[in-house]
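The values are calculated or read from the model by the stated rules, or taken from the named source; none is laboratory data. This one's a predicted model, so the numbers in the text were calculated from it and none came from an experiment. In this analysis, Cβ positions are derived from the backbone assuming ideal geometry, glycine residues included, and neighbour counts consider all displayed protein chains. Only protein heavy atoms, including side chains, enter the accessible area calculation; ligands, DNA and RNA are left aside. Shrake-Rupley method; radii C 1.70, N 1.55, O 1.52, S 1.80 Å.
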Number of protein chains: 2
Amino acid sequence: MNLRLVFYLLGLITLLIGGAMAFSLPWAFVQDSYEWKGFFGLFTSVILCLLSGGGLIGWGFSSRMDTLYRKEAMAVVGLSWVLATILGALPFLLSGTCRDAVRDESGEIVRDTQGGIPMENRIPMNMADALFESQSGFSTTGATVLTAIAEPQLVPRCILFWRSSTHFLGGLGIMVLFVAILGQGSAGKALMRNEMPGPTKETGHARTQDAAWKFAFIYAGMNAVLTGILWLEGMTLFDASCHAFGTMATGGFSTYDASLGHFDANPWIDSTVLLFMFIAGMNFTLVYWFLIGQPMIMLKDTEWRGYVAILLLASIGVIFFGYTRGDFKEEGLLGAIRYGTFQVVSVMTTTGFGTHDFDSWNSFGRGLLFLLMFVGGCAGSTGGGIKVIRHLLFFKILWLEIEKAFHPSVVRPLRISGKPVEDQQLRHHILVYFSLVLAIFVMSWLLLVTVEPSTTWTAKEDPLQNKLIDCATAVSATLNNIGPGLGTIGATRNYAHFSWWGKLIFTWLMMLGRLELFVMLVLFVPAFWRNQM
Amino acid sequence: MNLRLVFYLLGLITLLIGGAMAFSLPWAFVQDSYEWKGFFGLFTSVILCLLSGGGLIGWGFSSRMDTLYRKEAMAVVGLSWVLATILGALPFLLSGTCRDAVRDESGEIVRDTQGGIPMENRIPMNMADALFESQSGFSTTGATVLTAIAEPQLVPRCILFWRSSTHFLGGLGIMVLFVAILGQGSAGKALMRNEMPGPTKETGHARTQDAAWKFAFIYAGMNAVLTGILWLEGMTLFDASCHAFGTMATGGFSTYDASLGHFDANPWIDSTVLLFMFIAGMNFTLVYWFLIGQPMIMLKDTEWRGYVAILLLASIGVIFFGYTRGDFKEEGLLGAIRYGTFQVVSVMTTTGFGTHDFDSWNSFGRGLLFLLMFVGGCAGSTGGGIKVIRHLLFFKILWLEIEKAFHPSVVRPLRISGKPVEDQQLRHHILVYFSLVLAIFVMSWLLLVTVEPSTTWTAKEDPLQNKLIDCATAVSATLNNIGPGLGTIGATRNYAHFSWWGKLIFTWLMMLGRLELFVMLVLFVPAFWRNQM
């Protein structure tokens, strides 16, 4: 392992994060009152990033021209995510951002006569909170521990902007990663269906870089367009850009406790977000083809069709059962369509914005949303989860296996869109991926059930019997990078009341899910760090 | 597909079942009062078996000497299980066996002055009940819809004996099946570790038949021995044989509503059952080696070691968390050890006897028992579940895959007990099996949540919020052939209050799990029934 080269690259990433952090600084000034604490926290964090980035670069400078082998590349990706989590947590800690404040019996924050929140009543974020929030941002999960987001005395606006910026950076990172590194392996290529932008089939270094730039450009452009539209629809520029970051990265951080439900009076806003969530969950290769005027490539794509079909079927199911079983008594059929579709798209694309309390829905709706968490977006999107294409292949593989049980000698090829997939490893890779998700899900669930004290439920008057299912949805919502789950972490709740250990488990799961498992898992294999190739 | 040959073999099996049914007839006479309804039901069922068996044999007689190909063998196994379920349900229906009777506010059965239960108050089993109960017996699940088992006016003793006999037959069937048919495939052989009784390695037809007879003999002998011991320990001969059937088949049908907890005052009884459940969950090849005086083969076996290790670790966990979190307040530490160990062994071997209400345990204990359901017994035992050896291989395979992520060119062989497993298909087979279990579990869960009305919970004052987790445990408890689950089907409850559709789903799942998925799944592939080989 060429550690110097790894450090050099990590140093570059550290500088990049520090630079991105500086963009949040202006928001300390444009609010009603100057946010000195937020500014101080952000500014100090930027300085720390520059210093540590410089240090890392200095340490590894002599190796900067060495060849980047597979192991080093994996180490850089894995460690950069760890590093980003720690750096991203600094502004929360250094600014003294508060998770919540003491509340009275009716659940309102206790204030003095001028509406201020007494210092001694404020509950600052601890280290686990900050790491959780930072990782939730970078992994585009959108789970939060902040219980009074809209209160500037507890959460400075500039810090809130940084929080949403981590979504933007995380989403950008995924776009680049997919093309530049993860898309290199044979299985990765098959998952991307060898359809990089451009008509030729050669996949050299220049092509990869070119594609990464194109994707980053489309991604940034879509963020800008969505910000503009939301601004025109009545949001402030601050809210518009934060929600655009949350949408295009399929993140889900909002600037209000009610999430996107804050803008319930304006159906244009959630329709717009719905559309862009849908786009963000698509393979960006297809978005590229669509934008250059070739929509047929998108319409003929197997994964895209599967993605649309699952969204449609799930929405119909949720609307039907929701309407007939009285989940939308006040909102009627139109409301069922509006909120049902939104929640299905929000959960399946792993965004996690909320406009309706789906935790109070009927069991079918709740169960279906739980399963949709594992479906996720398309390969090559910013969405999390297992990805649609893996599910399509998974069920095709199982069907072929059932046929093989009585025809052991007949080997049928695996086909996508009628074309056989040549890659023999793909079949194996898909099964391994599902198996790993299963193993990680089950072990994390039992671990969480064990370490999380019962008081997390009893103190909030949640039924303790729900601990098993709540923990299952919490693991799923973090591993698949959604955000909200069921019960104690339901649509109207958050992760603030979990223990230190619970939050660290979630932080780990978000990272694991975001990087599609392997990159994080290999860091724990001793042989990975040994020198031989 | 040579249907005539299939019918001929099914006819033989039908006669066999009819014959076995006749053994329950004497129990109609040995009770306090002659059970004419039970006798009538059983006798008519025996006649129907003989008639239909004769018919099937007659139909297929001309093809009786044809070669049995793989497809026909699979069809016979799958269809014989369907047939057995239907035939086994006849005595329940024809005898008018009752699921329950009208109860007063305190939950007691309403009786007339002589202690009789008025005819109009009795709730007879419907067709779904009878199929469920029959399949639960043959698949050695032990889930029941009978709410007043110990009440002879509702459940005739001879019918109860038939119910437990189905466990014996099911267990015997599995022993024979494993050796004679399912153990033939390469993956099947690898799972049985090529260690058929006897020192030579040739695996001809005679060897297979020989092994099947040996296994059947050991199985029947153990049933007899256990019956004797339980009888000596104070059970009646009736109870002793029924519980022996339930134990050795890892079934779990009892003759009391409190299950084995009825004999709580006598710790010898549950210690004996504990030991024999442990043996029943072992590979019968190892039991054979042990009985002929070669215990070292057992002690050195990887799967056996894994089996013991999981049981020990799980017991320690359940005892520790159960004791420290107050699940055994009345029973103390000794009680925690007694009941904790019993429940762990009972659930993991997929027997499902109950001596303690584990549904009221802490979340760790409940969650762990849920996971143990999927572990199951060893390959070549009567236990259900995924089997210990598959789990050991599963985790080894995943570990190798993580290593392969950074060393793609290095292919490490899969080893059991240090010896590489040559069979290249085994790795694939294990992953496919876990994937199929996952897919079936998830789809059945959502289906059950959808079709089962909420009143199944609300009518019994169970929290509706528990529907998701209760349904998950119900699917697991039937697919893995355990019996009890959590919540509304918890240790002190049963499946009586589920709907027709729910019970039919469970019946299907028990069958599917018992035959290790493939044999039942292929029946639904149209190509399976076509004539070409």
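Results, tabulated for the structure shown:
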item: Matching residues in region A:236-268 - criterion: being under 25 Å from A:MET175 (Cβ atoms), out of contact with any Ser or Thr (no Cβ under 6 Å at 6 or more places or on another chain) and aliphatic (A, V, I, L, M); result: A:LEU237, A:MET248
item: Subset of region B:428-458 (residues that are of a type in the set (A, V, I, L, M), closer than 12 Å to B:GLY502 by Cβ and facing chain A (nearest Cβ under 7 Å)); result: B:VAL449
item: Matching entry among B:ILE337, B:ILE316 (being within 27 Å of B:PHE434 (Cβ to Cβ), of a type in the set (Val, Ile, Thr) and in a helix (DSSP H, G or I)); result: B:ILE316
item: Counted residues, region A:345-383 - those being under 12 Å from A:LEU486 (Cβ atoms), crowded, with 24+ Cβ neighbours inside 10 Å and of a type in the set (Phe, Trp, Tyr); result: 2
item: Restricting region A:322-335 to residues that are more than 23 Å from A:THR351 (Cα to Cα) and of a type outside the set (A, V, I, L, M), the residue that is nearest to the other protein chains (Cβ to nearest Cβ); result: A:ARG325
item: Selected residue (only one of B:PHE395, B:PHE342 is within 11 Å of another protein chain (Cβ to nearest Cβ), in a helix (DSSP H, G or I) and either open to solvent by 10 Å² or more (accessible area, probe 1.4 Å) or under 22 Å from B:SER271 (Cα atoms) (or both)); result: B:PHE395
item: Selection within region B:459-472 - more than 9 Å from chain A (Cβ to nearest Cβ) and within 25 Å of the chain's Cα centre (by Cα); result: B:ASP470
item: Neighbours by Cβ (under 8 Å, 6+ apart or cross-chain): first from region A:102-120, in a loop (DSSP other than H, G, I, E, B); second exposed (fewer than 10 other Cβ atoms within 10 Å of the Cβ); result: A:VAL110/A:ASP104; A:PRO118/A:ASP112
item: Test: residue in region B:346-361 that is free of Cβ contacts under 8 Å to residues at least 40 places away in the same chain and hydrophobic (A, V, I, L, M, F, W, C); result: no
item: Qualifying residue in region A:51-68 (condition: under 30 Å from A:LEU237 (Cβ atoms) and either in contact (Cβ under 8 Å) with a residue 12 or more places away in the chain or touching a Ser or Thr at 6+ places or on another chain (Cβ under 6 Å) (or both)); result: yes
item: A:LEU515, sole failed condition from (1) touching a Ser or Thr at 6+ places or on another chain (Cβ under 7 Å); (2) within 12 Å of chain B (Cβ to nearest Cβ); (3) touching a residue at least 40 places away in the same chain (Cβ under 8 Å); result: (1)
item: Meets criteria (closer than 24 Å to B:GLY261 by Cβ and open to solvent by 10 Å² or more (accessible area, probe 1.4 Å)) for B:THR113; result: no
item: Residue match in region B:275-286 (condition: small (Gly, Ala, Ser) and under 24 Å from the mean Cα position of the chain (by Cα)); result: yes
item: For A:GLY88: the one exception among (1) part of a loop (DSSP other than H, G, I, E, B); (2) surrounded by 20 or more Cβ atoms within 10 Å (Cβ to Cβ); result: (1)
item: Count of residues meeting criterion [over 25 Å from A:TYR433 (Cβ atoms), in contact (Cβ under 8 Å) with a residue 12 or more places away in the chain and not aliphatic (A, V, I, L, M)] in region B:436-457; result: 5
item: Any hit, region B:494-503, residues being touching a helix residue (DSSP H, G or I) at 6+ places or on another chain (Cβ under 7 Å), surrounded by fewer than 20 Cβ atoms within 10 Å (Cβ to Cβ), facing chain A (nearest Cβ under 10 Å) and assigned to a helix (DSSP H, G or I); result: no
item: Number of positions in region A:356-391 that are within 13 Å of chain B (Cβ to nearest Cβ), closer than 24 Å to A:SER435 by Cβ and either basic (Lys, Arg) or not in a loop (DSSP other than H, G, I, E, B) (or both); result: 11
item: Residues of region A:262-277 classified as surrounded by fewer than 19 Cβ atoms within 10 Å (Cβ to Cβ) and within 19 Å of A:ALA249 (Cα to Cα), total; result: 2
item: Every residue from region B:25-66 that is of a type in the set (Ser, Thr, Tyr), under 28 Å from the mean Cα position of the chain (by Cα) and surrounded by fewer than 16 Cβ atoms within 10 Å (Cβ to Cβ); result: B:THR44
item: Residue list for region B:446-455, filter: open to solvent by 10 Å² or more (accessible area, probe 1.4 Å) and part of a helix (DSSP H, G or I); result: B:LEU446, B:LEU447, B:THR450, B:VAL451, B:THR455
